[in-house]
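Student: Take a look at this one; I'll ask things after.
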Amino acid sequence: MKNFVRGALAALVVGSVGAAAQAADLPSYKAPPPPPPPAFTWTGLYGGVNIGYAFGDNSRETGGLGYLTGIPVVGAATIAPLGSTWSVGQDLHGIAGGAQLGYNYQFNPWLVLGAEADIQATDAVSHSRSAIGLADATGTHLQTMNSTKNVDWFGTVRGRVGFTLPSMPNLMVFGTGGFAYGQVVNNVGFADNFLNLGISAIGNGYYDNTKVGWTAGGGIEWSPSMFPSWSLKAEYLYVDLGSTTANSVPLNALPGVAAGIPAFAATHNSPTRFQTVRAGINWHFDPFAVVAPSSAGGALPSIKGPPPAFVDSYQPFQVRLKVAGVIPLNGHGTVYDSGAGYPGLGSIGVGTGLTGANGVIAGASTNTSSAIIPMLDVAYYLTKNWAIEAICCVAPHHIQGTGTIASDFARAWLFPPSIMAQYHFTNIGAFQPYLGVGVNFTTFWNTRVNNDTWSIPFAPGSPLVGAQGVLATFQYATVAPSWGPVGQIGFDYMLNDHWGLNVDFKYIGLHPMVHSTVVSFAPVAGAGLSAIYIPVKVSLPINPVVISAGLTYRFGGSLLSPLF
């Protein structure tokens, strides 16, 4: 019996060992190790905002004043006053801030090439002045110049060359340079005060236009490891927009009318060169990359491949970033002489015979300039077809007087937000056209007149026929806000669920009223000039067409379902 028990135990032990050996030979079903996170890369599109400070480079402004006529003296030869030249410093400075959009391509672990465009609003301003005392045959006289220069905005289009280290791939040092452009306004007042004679010759020179030039600089950009879709940058740029020239003749010197006041010619040259230091933040994205699961939480996509097939899913939120051209269909205003009915005012109509019974100044009109601007659209889709869209932008416009007010009239900035109701045709694949209607409200800011001097012509039979002309300038201008309808047609071409290309056409009914005052020096009884102030209004139908193109981004499909 003992031998039987021992044999059974031995058999059990041998069987257990064999089963264990067989189990050891079975295939393993352990899960594979998780894939490594995608390698960091600077390749892709990016966009962001920045803010900084602009300051001048100690450039000097130069100019001069010389006389075209002398001061007549009874029974003696005409006295010719001396002129002068000047060279003065400028102190351009102010805050600058805006947005940038660019693309990087990383060729290897240490070299990144890219391109970037930015647009900046700024309040940079400089003031310069000169006072030169002279003594000549006219006695003692003091020539003065006062210059104010503003850079309203500027932009750049630049190439970038960046360098990184394999040990620190998320830190890049870069150099940059390229094309620069901006709006430069230079307002210069000239005067010569003849202290012994008790007379003064005064004039004003004005320049307001978009200048072009170049820019160069560099900086550093860093992407935090915990937020690899974002980067912070610090940057320095030197910007050269060339020089502006403002010329003038005296406003109150008309030979044969203003006896005793000589006529001068003055010029002022001002270089616009400045430096900026700024800090910014960028969001990096690549709409054409397939995002690896490990980077779906916000990392920069590093696995490139063909874009996924388009699926017409419901994405309730939409953002479009575009470039738009604003083209006025009309822009030719009707000019009214608001002082024509007031006999004591000495209006354009009373003095020149140009104003009709309804107050319209004969032959006077305006032209409104076109503009190229950035534009942001934000939309919410109530269903896959119906959407509500808000459109936001700012636009500069230039109003040019024509005919009997042939002058560089005024400039203004427009803020024209619109609200649209849209229907999108979404049953024809990636190509998705749409129609929209809405309302626009436009408000005007930073309106300024150009202080351009112009000569008022005389109608046949007017009281001033025979005089040698009346010089005038606009003293100020305001533009009333305007409401109007908006019509829209456009299309999105969707590259995938989220990214697409957009082309859009809009018509805006925009018809504001401009109010201004003309200051004029008109002949009075005897020899001399008298300043008169003439209220003027302009009924200005602009009615622009806005043509835009850019990127579409849709998102939020996992958060919300259609409202209806």
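Student: With θ set to phi - 60°, apply the Karplus curve 6.51 cos²θ - 1.76 cosθ + 1.60 along the stretch 403-417 and write out the HN-Hα couplings as whole Hz, x wherever there is a Gly or Pro.
Tutor: These are the phi-based 3J(HN,Hα) values: x, 6, 10, 5, 8, 7, 5, 7, 10, 8, 9, 10, 10, x, x Hz.
Student: On to the next question. With the radius of gyration and the Kirkwood radius both derived from the Cα set of the stretch 139-183, what is their ratio Rg to Rh? Mind showing how you got there, number by number?
Tutor: Values: Rg = 22.5 Å, Rh = 15.2 Å.
Across the stretch 139-183, the Cα-based Rg/Rh ratio is 1.47.
Student: In addition: Out of Ala121, Gln90, Ser167, whose Cα points farthest toward the positive end of the dipole of the stretch 47-305 (charges: +1 Lys, Arg; -1 Asp, Glu; placed on Cβ)?
Tutor: Positive-end residue among those listed: Ser167.
Student: To continue, here is another question. Going by amide H atoms built from the backbone, whose H comes under 5 Å of the H on Ala477, apart from near neighbours?
Tutor: Val449
Student: Take each of the peptides 508-515, 536-543, average the number of other beta-carbon atoms within 10 Å over its residues, and list them starting from the highest.
Tutor: Details: 508-515: 19.2, 536-543: 20.8.
Ranked from most to least packed, the peptides come out as 536-543, 508-515.
Student: Compare the Cα positions of Gln183, Ser130, Pro262 along the charge dipole of the stretch 47-305 (+1 at Cβ of Lys, Arg; -1 at Cβ of Asp, Glu; about the Cα centre) and return the one farthest towards the positive end.
Tutor: The residue sitting most towards the positive pole is Gln183.
Student: Compute the semi-axes of the equivalent ellipsoid of the stretch 47-305, taking the square root of 5 times each eigenvalue of the Cα gyration tensor, and list them largest first in whole Å. Walk me through the numbers before you get to the answer.
Tutor: Details: eigenvalues 654, 40, 31 Å².
Working from the Cα gyration tensor, I get semi-axes of 57, 14, 12 Å.
Student: Under a 5 Å amide H to amide H cut-off, with H placed in plane at 1.01 Å, what residues pair with Thr140 once short-range neighbours are removed?
Tutor: Leu195, Asn196
Student: Counting other beta carbons within 10 Å of each Cβ, put Lys384, Lys149, Lys506 in order, fewest first. Don't skip to the end; give the middle numbers.
Tutor: On the way: Lys384 16, Lys149 26, Lys506 23.
Going from sparsest to densest Cβ surroundings: Lys384, Lys506, Lys149.
Student: Another question, then. State to the nearest 20 debye the size of the charge dipole of the stretch 47-305 about its Cα centre, where the only charges are +1 on K and R beta carbons and -1 on D and E beta carbons.
Tutor: 280
Student: Evaluate the relative contact order of the stretch 47-305 (contact order divided by residue number), counting alpha-carbon pairs under 8 angstrom at least 6 apart; express in whole percent.
Tutor: Taking the mean separation of contacting Cα pairs over the length of the stretch 47-305, I get 20 percent.
Since every read-out is calculated from the coordinates, none of them should be taken as a lab result. Note that this is a predicted model, so its numbers are computed, not measured. Ideal geometry is used to build each Cβ from the backbone, glycine not excepted, and the neighbour counts take in all protein chains shown.
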